[in-house]
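The values are calculated or read from the model by the stated rules, or taken from the named source; none is laboratory data. All values reported here derive from a predicted model rather than from experimental measurement. Ideal geometry is used to build each Cβ from the backbone, glycine not excepted, and the neighbour counts take in all protein chains shown. Just so you know, the surface numbers come from the protein's heavy atoms only, side chains and all, with ligands and any DNA or RNA stripped out. Shrake-Rupley method; radii C 1.70, N 1.55, O 1.52, S 1.80 Å.
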Amino acid sequence: MRSGAKKVARPGLMLLAIAALAVTIPGWGSADIGAPSVAQSAVPASASTPAAVRGVQLAAAATVTVDLCALAGTKTMPDGSSVPIWGFALDGNPGAEGCGAAAAGLPGPVLGIDTLGIAAGDTVVVNFENQLSQAVSLAFPGQPLAPDTTGVAAGVWPLGSKTYTFIANTGTFLYQAGTNVTTQVPMGLYGALVVNATTGAYGTGTAFDKQAVLVLSEVDPYLNAAPLTFNLLDYHPKFWLINGQGFDPSGATLNPAVSAAAGQKVLLRYLNAGLEHHTMLLLGSHERLIAKDAGVMKNPYDAVAETIPAGATMDAIVTIPSGAVTGSKLWLYNRQLHLDDGSAPFTPDGGMMASVAVT
Amino acid sequence: MNGERDIATAKGKGGHMTGRLRTMRWKLVLGLGVILAIGLPSAAIPAMASHSFSDQGIVCTNGSLAGTTRTFSLEATAGHITMPDGNAVFMWGYNETAAGHGFQAPGPTLCAQQGETVVVKLRNNLPDPPGAAGIDNVSIVFPGQEGVSATGGVAGVFTNEAPGFTSAPDEVTYSFTASEPGTYLYESGTNPVKQLEMGMSGALVIRPDGGGFADDHAYNDARTRFNSAREYVLLLSEIDTALHAAVESGQAFDPTNRKPRYFLINGRAYPDVIADNNVPWLPTQPYGGLVTVQPTTGAELPALVRYLNAGLDNHPFHPHGNHVQRVAQDGRLLLASGGGDASMESFTRTVGSGQTYDSLFVWEDEEHYAPAPTSKKIPVTIPTYRNLLFPEDVTLFSGSPYLGYKGTLPIGVTSQNICGEYYFPWHSHDLIEIVNFDEAFGGMLTLLRVNPPASLGYPQGRQINSPKTPCS
């Protein structure tokens, strides 16, 4: 944070913040976050939240502060190549100018999980610092705050900053760049925001034991290589990602994305940050669709495959079948069958796919 | 009006048109009017001497039943299908070769009863492609089924796979309990982007057994009762001919720049879609997609239309001028909390890749367009013929706005209309998909045919492509 911003300085806890900011966030693919617990302790709400308290919710109607940066970086794609990205990251130097050791994420951190937990009704204060070479604003679709049509100017020192404040609505939301979106969003300026209900995902009847956040997106490396001149009419994605990663059949990437035992309920929070619609299919069980764009459905329904349109979110609860064999997997994959890692020659060995492991 | 005489007239003209129509592959354009005027394939092509298929609607493959175990023996084989523009496309598919059936696309519609143990045996008889690539393994996954076991073959990512005959002749056996009724896909679980493109998919229909609900119910719910004679399957898919040619010639398969050229319903492109089941000129595409109904009189049960999308693309689908009642998705009823009815009237619904939808459909003659011959008719203005297009001088339009009646058409125009029936397009509204290799009017399009009520005296029957009685 730029000094002088309206913000109480707090201890940095720098190392922990850096640990949580690696581009490939450990444990991200296996977001085995249990049902949100309500902590009554007055833990200071800080961007540099220690892992021990990440995702922990403060007392009702708390104020949760998030220090967020937009900056440039690189990202290793599933085929091993490196592409330039613009991404969000938790500020590695909160309370001072510059983002410290923060590294751009594609996607950005999960607000509410990689930070302190956020509960419905909490006041969320996002201190945003822009280190990119063009103006960036934040958009929180689905949250009650007016669109920011100016943003924070290009990141020349001293860096510009801005504070966004809203009272959180419950559910699964995207946050993304609100400026020059046709460039900034496909470059990687997006992430997930999870706001917990008092019980379950959205209240009574939406209880879950485990959850996974699944941010769907695509990357066209030609766009990333030349964001200022790329013609979006030529957009032709090569990499198909969940949480910024492609499935790795020989490794543990997204395999599993979450683990649960027979009979347990797994909440899948789908978010489509990409430019294309994505239909995701679950093999081996139905999933119960409970919310779209964080709007609770009056009549939830069971589906095998459902389309998450570009910009939309969808919440589904999978009850692991009672007869599911321990060690087996429920496969979860893009039914447009973008199941390759982008390398040539084409081989069906990756892409937008993950598994739910039965423990 | 004399219905029988009109039918005879239509048939005579149909016969006269046969050669020409076959040659031009039923090129079609429509004119707008009270209904649409559409070119129709000839009515006078003789039916096969004998076949075990019904003329329209679902064709069930029942496998063999021993006790409560129903076994289907499938083989992955290759063959060709033909497109209305004359192109032939190399395909892979699941086939009942053991039962003496040749190649077909899509795979056979497997029908089973809830509670049965379903066993599907799969052998791999794909041809060895040119080049050194070898034969692909094949497999089947059953989205929407739980606890599918697989034995035999070799381990794959999703399930066990059957290797090619040249390596180790092997058979994979899949087994599961048909626990819930509904409409499901079965499809390849091996390199699915390639094998689904190549056609390795089909429909699985599980009929209810619980609560005293018989086969004429889609689910164990009284609200899903339908007219068994009007049960239809519309299985959607796409074809990029370049990819099929690559597989046929042993070239590398690269879907990166996939661009479908044909858009199919039940393995056929329009206008082949509306031909009867098992017509002899489509020997590898046995399933038709014409949806035929009669106006409900109140007692008439609805038709059941089972949509499935086996393709990779999502398809927004609708019947012109009508709504359907969407009752289920992916084999599960749409229910409100407490078991109430959450079905909904639906016009355009995007059938997403891998999804299925079940819809009930009735055609209510609310405006009395099918009056008795002696009744007064509502005045109707139809467009002047100057504003109607009758390409190739052929039309499906009867010339009359009234259901069950015929009117005058311009001199030289042949009506393929048989009993004054109505036709409504029922199609993908992603309109680049109602083409055959970029040429409209074809592709992912079928017709809703509304036949006049029996009370108007037309002979009752449904087979179009034979000199039978096609008016119910």
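Count Lys and Arg as plus one, Asp and Glu as minus one, and take only other residues whose Cβ is under 15 Å from that of residue A:236; the net charge is then -3. Scalar couplings 3J(HN,Hα) for the range A:294-301, obtained by applying the Karplus form with A = 6.51, B = -1.76, C = 1.60 to θ = phi - 60°, are 6, x, 6, 7, 5, 10, x, 9 Hz; x denotes Gly and Pro.
Interface residues of the range B:192-234, defined as a loss of at least 40 Å² in heavy-atom accessible area between the chain alone and the complex of all protein chains with a 1.4 Å probe, are B:193.
These residues, B:386, A:54, go from largest to smallest accessible area, 1.4 Å probe, as B:386, A:54. Restricting the calculation to Cα atoms, the protein assembly as shown shows an Rg/Rh of 1.02 when the hydrodynamic-style radius is the Kirkwood one. Just counting partner chain Cβ atoms within 10 Å, what average do the residues of peptide A:324-331 show around their Cβ? Average neighbour count from other chains, rounded to a whole number: 2. Each Lys or Arg adds one and each Asp or Glu takes one away; over the other residues whose Cβ falls under 10 Å from the Cβ of residue B:263, this sums to -3.
With protein chains left intact and a 1.4 Å probe, residues in the range A:235-359 average 30 Å² of accessible area per residue.
Charge dipole (Cα centre; +1 on Lys/Arg Cβ, -1 on Asp/Glu Cβ; no other charges) of chain B amounts to roughly 1360 debye. So, counting K/R as plus one and D/E as minus one, what does the shell of residues with Cβ under 14 Å around residue A:271 add up to? Result for the local shell: -3. The simple spin-label model puts a point 7 Å past each Cα toward its Cβ; for residue B:438 and residue A:154 those points are separated by 4.3 nm.
Which residues of the range A:250-294 end up with at least 10 Å² less accessible area in the presence of all protein chains than when their chain stands alone, using a 1.4 Å probe? Going by heavy-atom accessible area, the residues of the range A:250-294 that drop by at least 10 Å² are A:279, A:281, A:283, A:284, A:285, A:286. Of B:376, B:406, the order by accessible heavy-atom surface (1.4 Å probe, DNA, RNA and ligands excluded), from most exposed downward, is B:376, B:406. Our Cα-only numbers for chain A put the radius of gyration and Dmax at 19.2, 60 Å.
Rounded, prolate or oblate: which fits the range A:101-250, taking a ≥ b ≥ c as square roots of the Cα gyration tensor eigenvalues, rounded meaning a/c under 1.5, else prolate when a/b beats b/c? It is oblate, given that a/c is not under 1.5 and a/b is not larger than b/c. Within the range B:86-217, the percentage of alpha carbon pairs spaced more than 24 angstrom apart rounds to 31%.
The convex hull of the Cα atoms of the range B:335-472, projected and averaged over all directions, covers 12.8 nm².
For the residues of B:310-318, the average number of beta carbons from a partner chain within 10 Å of their own beta carbon is 2. When the surface is traced with a 1.4 Å probe over the full set of protein chains, residue B:441 keeps roughly 50 Å² accessible.
Across the accessible surface of chain A, with the other protein chains kept in place and a 1.4 Å probe, carbon and sulfur atoms take up 59 percent. Note on the range B:329-472: with neighbouring protein chains present and a 1.4 Å probe, carbon and sulfur make up 56 percent of its accessible heavy-atom surface. The solvent-accessible area of residue A:88, taken with every protein chain present and a 1.4 Å probe, is close to 0 Å². Put simply, the convex hull of the Cα atoms in chain B casts, on average, a shadow of 23.0 nm².
Computed on protein heavy atoms with a 1.4 Å probe, the accessible areas place B:187, B:300 in the order B:300, B:187, largest first. I'd like the residues of the range B:140-186 whose 1.4 Å-probe accessible area shrinks by no less than 30 Å² going from the isolated chain to the full set of protein chains. With the partner chains in place, the range B:140-186 has these residues losing at least 30 Å²: B:143, B:144, B:146, B:157, B:158. Note that the range B:279-339 carries a Kirkwood radius of 15.3 Å, evaluated over its alpha carbons pair by pair. Magnitude of the charge dipole for the range B:321-447, about its Cα centre and with charges confined to Cβ atoms of Lys, Arg (+1) and Asp, Glu (-1), is about 400 debye. Once the gyration tensor of the Cα atoms in the range A:280-341 is diagonalised, the equivalent ellipsoid follows with semi-axes of 21, 18, 8 Å, ordered largest first. Roughly how much accessible area, to the nearest 100 Å², goes out of reach of solvent when B and A pair up, both sides summed, probe 1.4 Å? That pair of chains buries around 2500 Å² in total.
In the assembled protein chains, residue A:337 presents an accessible area of approximately 10 Å² (probe radius 1.4 Å).
Expressed as a whole percent, the accessible surface of the range B:109-200 that belongs to carbon and sulfur atoms is 48, based on a 1.4 Å probe.
Rounded, prolate or oblate: which one fits the range A:146-185, using the alpha carbon gyration tensor with axes a ≥ b ≥ c (rounded when a/c is under 1.5, else prolate when a/b beats b/c, else oblate)? Oblate.
Calculated [222 nm] ellipticity per residue, helices only, for the protein assembly as shown: -2000 deg cm²/dmol; basis is -39500 (n - 2.57) per DSSP H run with n ≥ 4, divided by all residues, nearest 500. Beyond 21 Å, what share of the Cα-Cα pairs of the range B:314-414 is found? Please give it as a whole percent. Taking all Cα-Cα pairs of the range B:314-414, the fraction more than 21 Å apart is 58 percent. Averaged per residue, the range B:56-166 has 36 square angstrom of accessible surface, using a 1.4 angstrom probe with ligands and nucleic acids left out.
Projected over all directions and averaged, the alpha-carbon convex hull of the range A:227-359 occupies 9.3 nm². In the context of the full set of protein chains, residues of the range B:336-472 present 42 Å² of accessible surface per residue (probe radius 1.4 Å, heavy atoms only). Mean partner shielding of peptide B:245-253, defined as the number of other chain Cβ atoms within 10 Å of each residue Cβ, is 1.
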